[in-house]
Amino acid sequence: MDMQTIVFYSLAFAAVFSAILLVSLRNIARSLFLFFVVLFAVAGLYLFALADFVAITQVMVYVGGILILMLFAFMLSNREMFRQLQRGTAHFIAIPVWQALPIAILFLTVMLYTALHVGRNEPPWITASREAGTVIRAADNTVEQLGVHTMTHYLLPFEVVSVLLMMALIGAAHLARKEGDA
Amino acid sequence: MITITHFLVVGAWLFSIGLYAVLARRNAILVLVGIELMINAAILNLVAFGRYDSSLYGGQAFALFAIVLAAAAVAVALAIILNVYKHHKTVNPEDISDLKD
């Protein structure tokens, strides 16, 4: 095993184990900090697919924005939650858990089967791309290419996303305003 | 050598864990974290397949759009959760059963 494989496997295990721990812990604050670990590990995995700009965006948007928002929301709404947690463990193994677990495992099985299938017989477009030499190489300047394509070929999705961001901004501001002063 | 199967397997795990969080957790914030995990798994697949498309960079471009969508969704959802908490004094989705008080 070379260095690359070892780093990939450690990042993948960090992501998956932190995610499993995240959904099984009962303390919400710890879960949110584990989410931090998952996001960093997944950003590291993006680097292995030669998507450096996406990895940086992930760290900036998710860790810098979304996680802080979630911590704020947690701290603003946790008083009742702590009381619920202390009140009892009656719901510790609730019905939804043993219903949810088989559903999740079934999804996992189907997707693992598909992934291994894709690994065995490669899709024809990937083979064609490898033969044509249009695979992204480590030396390519991804940021420049992404900028050019965003402004030319993907201009319509870019505009749609910007309109959606504005809608989300207005909607969030509307929801967060005080009751009464409409 | 890191093949595409490696990425797909990690993505499958993350997606299933996110699905479990959405289905089983009793806290709206953790349900949201589960949705984010599933979006991250999808982005990982986009990026992994996008590696074989250096003419248009489709995978990476749409990964960026997906990150933007996730951020917008989280902002609105957290505003809704805080409002729901103000009204019902709980963020457990099972206790929130009425649309109008």
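Scanning segment A:131-151 for residues that are in a loop (DSSP other than H, G, I, E, B) and within 10 Å of another protein chain (Cβ to nearest Cβ) yields A:GLY133, A:THR134, A:VAL135, A:ILE136, A:ARG137, A:ASP140.
The residues of segment B:1-21 that are within 7 Å of chain A (Cβ to nearest Cβ) and among the aliphatic types (A, V, I, L, M), listed by number, are B:ILE2, B:ILE4, B:LEU8, B:VAL9, B:VAL10, B:ALA12, B:LEU14, B:ILE17, B:LEU19, B:ALA21.
Quick grid of which residues meet (1) in a helix (DSSP H, G or I); (2) without any contact (Cβ under 8 Å) to a residue 24 or more places away in the chain; (3) touching a Gly at 6+ places or on another chain (Cβ under 7 Å); (4) under 26 Å from A:SER162 (Cβ atoms):
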{"site": "B:VAL10", "(1), (2), (3), (4)": "yes, no, no, no"}
{"site": "B:ASN45", "(1), (2), (3), (4)": "yes, no, yes, yes"}
{"site": "B:VAL68", "(1), (2), (3), (4)": "yes, yes, no, yes"}
{"site": "B:LEU78", "(1), (2), (3), (4)": "yes, no, no, yes"}
{"site": "B:VAL84", "(1), (2), (3), (4)": "yes, no, no, no"}
{"site": "B:THR90", "(1), (2), (3), (4)": "no, yes, no, no"}
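Taken over segment A:13-38, the residue count meeting the criterion of being facing chain B (nearest Cβ under 7 Å) and farther than 15 Å from B:LEU30 by Cα is 2. Scan segment A:54-69 for residues that are under 14 Å from the mean Cα position of the chain (by Cα) and facing chain B (nearest Cβ under 7 Å) and the total you get is 6. One residue stands out in segment A:152-165 among those that are in a helix (DSSP H, G or I) and of a type in the set (Val, Ile, Thr): the one that is farthest from the other protein chains (Cβ to nearest Cβ), namely A:VAL163. Restrict the check to segment A:88-103 and report whether at least one residue is among the small types (Gly, Ala, Ser), within 28 Å of B:TYR57 (Cα to Cα), at pLDDT 85 or above and surrounded by 14 or more Cβ atoms within 10 Å (Cβ to Cβ). There is no residue in segment A:88-103 that is among the small types (Gly, Ala, Ser), within 28 Å of B:TYR57 (Cα to Cα), at pLDDT 85 or above and surrounded by 14 or more Cβ atoms within 10 Å (Cβ to Cβ). One residue alone among B:LEU82, B:LEU69, B:LEU78 is at the interface with chain A (Cβ under 9 Å from one of its Cβ atoms), of a type outside the set (Asp, Glu) and under 30 Å from B:ILE4 (Cβ atoms), and that residue is B:LEU69.
Using the structure shown, decide if B:ALA24 is within 17 Å of A:LEU32 (Cα to Cα), modelled with pLDDT under 90, surrounded by fewer than 24 Cβ atoms within 10 Å (Cβ to Cβ) and facing chain A (nearest Cβ under 7 Å). Let's see the steps before the verdict.
Numbers: within 17 Å of A:LEU32 (Cα to Cα): yes; modelled with pLDDT under 90: yes; surrounded by fewer than 24 Cβ atoms within 10 Å (Cβ to Cβ): yes; facing chain A (nearest Cβ under 7 Å): yes.
Judged against the criteria, B:ALA24 is a match.
Residue by residue, here is whether (1) touching a helix residue (DSSP H, G or I) at 6+ places or on another chain (Cβ under 7 Å); (2) at pLDDT below 90; (3) of a type in the set (S, T, N, Q); (4) closer than 22 Å to B:LEU19 by Cα holds:
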position: A:ASP2; (1), (2), (3), (4): no, yes, no, no
position: A:THR5; (1), (2), (3), (4): no, no, yes, no
position: A:PHE13; (1), (2), (3), (4): no, no, no, yes
position: A:TYR62; (1), (2), (3), (4): yes, yes, no, yes
position: A:ILE68; (1), (2), (3), (4): no, yes, no, no
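The values are calculated or read from the model by the stated rules, or taken from the named source; none is laboratory data. Everything numeric in this text was worked out from a predicted model, so none of it was measured. In this analysis, Cβ positions are derived from the backbone assuming ideal geometry, glycine residues included, and neighbour counts consider all displayed protein chains.
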